[in-house]
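**Q** A single structure is presented below for examination.
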Ligand SMILES: NC(=O)c1ccc[n+]([C@@H]2O[C@H](COP(=O)([O-])OP(=O)(O)OC[C@H]3O[C@@H](n4cnc5c(N)ncnc54)[C@H](OP(=O)(O)O)[C@@H]3O)[C@@H](O)[C@H]2O)c1
């Protein structure tokens with residue numbers, strides 16, 4: 001029987017990229033796919049790769065449609081309202097928002113790292129934050145070199161990380177999401193500053209890294225918005241409890257989903273790929289490494305991660 005797939009937030013940056021990745025992973029043609037949006041765009045026709053969809057409003061009728069997989073990418077409020085209800089109806093829900101990432105019983109999954117946290121009974125799975133995924137992918141490999149004492153990360157995050165309206169602010173030189181403007185600007189916080197003096201995005205990275213790696217990591221994060229369209233970058237410092245070397249680091253990082261370059265990486269080469277790029281790998285003291293990480297936030301940081309979870313489940 002065909003798998004029935006629903007994408008909630010299908011016209012958004014992540015939802016649209018989920019469609020692209022489903023196509024690339026051979027999960028598009030021959031699959032029964034329903035696209036859900038807000039009441040603003042419901043009823044409109046949506047054309048993707050020549051296939052016509054009618055955009056649907058998320059309502060009680062949707063619940064009774066017996067979906068096998070439901071991707072949520074319409075913001076935390078929508079997920080909080082609907083995700084568990086779809087899971088109760090038997091669907092496997094993969095949620096791209098931050099709604100459930102902190103819940104102990106809900107796995108926070110990067111398939112290359114901790115897919116085994118999903119059991120036969122798991123119905124709700126959280127996809128981590130976009131900037132956490134690319135860091136986790138690299139840290140997971142570096143942990144093979146020994147015990148981590150401290151991680152310090154500073155991010156350079158593109159506007160697409162804040163959704164379609166933010167993306168259009170950059171494109172149109174507008175101030176709808178970024179009230180100060182984002183063209184020719186840098187914003188030294190992402191999300192509100194919270195009680196511990198770290199911004200929302202920084203706390204997400206710091207909490208989620210340990211949950212994904214299954215180990216408490218002493219990490220300090222600074223998250224910064226920069227005026228680029230797609231692709232997040234991170235400058236990372238790692239201190240180990242033991243001596244390490246660049247050669248050993250290169251050996252453990254060598255895998256299908258990570259590419260290490262001797263030269264600098266450019267965003268244009270990272271966009272539209274599912275690979276995590278590492279460059280400027282260097283050593284300060286015997287137990288310290290520094291490097292730069294880049295990935296496509298809409299793919300590696302969201303859609304590809306989510307679709308890969310689904311693909312592994314089927
Ligand atoms: N952007 C990233 O890099 C990234 C990475 C990881 C996780 N995420 C998370 O993924 C989620 C979506 O991000 P995005 O960047 O794709 O946002 P976006 O571009 O703003 O898209 C939002 C989508 O949600 C739909 N929507 C809004 N309200 C809805 C409702 N009440 N019911 C159903 N659909 C509704 C919108 O439909 P309309 O067309 O009707 O407005 C649109 O399709 C956010 O929670 C975000 O934090 C984003």
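**Q** Taking into account only those residues within the range 49-73 that are buried (at least 19 other Cβ atoms within 10 Å of the Cβ) and free of Cβ contacts under 8 Å to residues at least 60 places away in the same chain, which is farthest from residue 161 (Cα to Cα)? Reasoning before the result, please.
**A** Pass one, the range 49-73, residues buried (at least 19 other Cβ atoms within 10 Å of the Cβ): 56, 58, 62, 67, 69-73.
Subsequent filtering for residues that are free of Cβ contacts under 8 Å to residues at least 60 places away in the same chain retains 56, 58, 62.
Numbers: 56: 25, 58: 24, 62: 28 Å.
Among those that are buried (at least 19 other Cβ atoms within 10 Å of the Cβ) and free of Cβ contacts under 8 Å to residues at least 60 places away in the same chain, it is 62.
Condition check ((1) over 23 Å from the mean Cα position of the chain (by Cα); (2) surrounded by fewer than 16 Cβ atoms within 10 Å (Cβ to Cβ); (3) touching a residue at least 40 places away in the same chain (Cβ under 8 Å); (4) assigned to a loop (DSSP other than H, G, I, E, B)) across all residues:
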residue: 279; (1), (2), (3), (4): no, no, no, no
residue: 282; (1), (2), (3), (4): yes, yes, no, no
residue: 293; (1), (2), (3), (4): no, no, yes, no
residue: 301; (1), (2), (3), (4): no, no, yes, no
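**Q** Take the range 131-164 and flag every residue that is closer than 20 Å to residue 255 by Cβ and buried (at least 23 other Cβ atoms within 10 Å of the Cβ).
**A** 132, 133, 134, 135, 136, 137, 138, 139
**Q** Just to be sure, is residue 311 away from the ligand (no atom under 16 Å from the Cβ), part of a helix (DSSP H, G or I) and either on the phi < 0 side of the Ramachandran plot or touching a helix residue (DSSP H, G or I) at 6+ places or on another chain (Cβ under 9 Å) (or both)? Give the derivation first.
**A** Values: away from the ligand (no atom under 16 Å from the Cβ): yes; part of a helix (DSSP H, G or I): yes; either on the phi < 0 side of the Ramachandran plot or touching a helix residue (DSSP H, G or I) at 6+ places or on another chain (Cβ under 9 Å) (or both): yes.
When the stated conditions are applied, residue 311 passes them.
**Q** For the range 117-130, how many residues meet the condition of being buried (at least 20 other Cβ atoms within 10 Å of the Cβ) and part of a helix (DSSP H, G or I)?
**A** Residues that pass the stated criteria total 1.
**Q** OK, next. Looking at the range 131-175, which of its residues are away from the ligand (no atom under 13 Å from the Cβ) and assigned to a loop (DSSP other than H, G, I, E, B)?
**A** Once the filter is applied, which keeps residues that are away from the ligand (no atom under 13 Å from the Cβ) and assigned to a loop (DSSP other than H, G, I, E, B), the range 131-175 yields 146, 147, 173, 174, 175.
**Q** Still on this structure: So, residue 178, is that one assigned by TED's automatic domain parsing to the domain that holds residue 276, within 20 Å of the chain's Cα centre (by Cα) and within 16 Å of the ligand (Cβ to nearest atom) or not?
**A** Spelling it out, it is not the case that residue 178 is assigned by TED's automatic domain parsing to the domain that holds residue 276, within 20 Å of the chain's Cα centre (by Cα) and within 16 Å of the ligand (Cβ to nearest atom).
**Q** Let me ask something else. Could you check residue 217 against (1) part of a loop (DSSP other than H, G, I, E, B); (2) more than 29 Å from residue 111 (Cα to Cα) and say which number it fails?
**A** Only one criterion in (1) part of a loop (DSSP other than H, G, I, E, B); (2) more than 29 Å from residue 111 (Cα to Cα) is unmet by residue 217, namely (2).
The values are calculated or read from the model by the stated rules, or taken from the named source; none is laboratory data. Remember, predicted model here, so these are calculated numbers, not experimental data. Quick reminder, even Gly has a Cβ in these numbers, built from the backbone with ideal geometry, and neighbours come from all protein chains shown.
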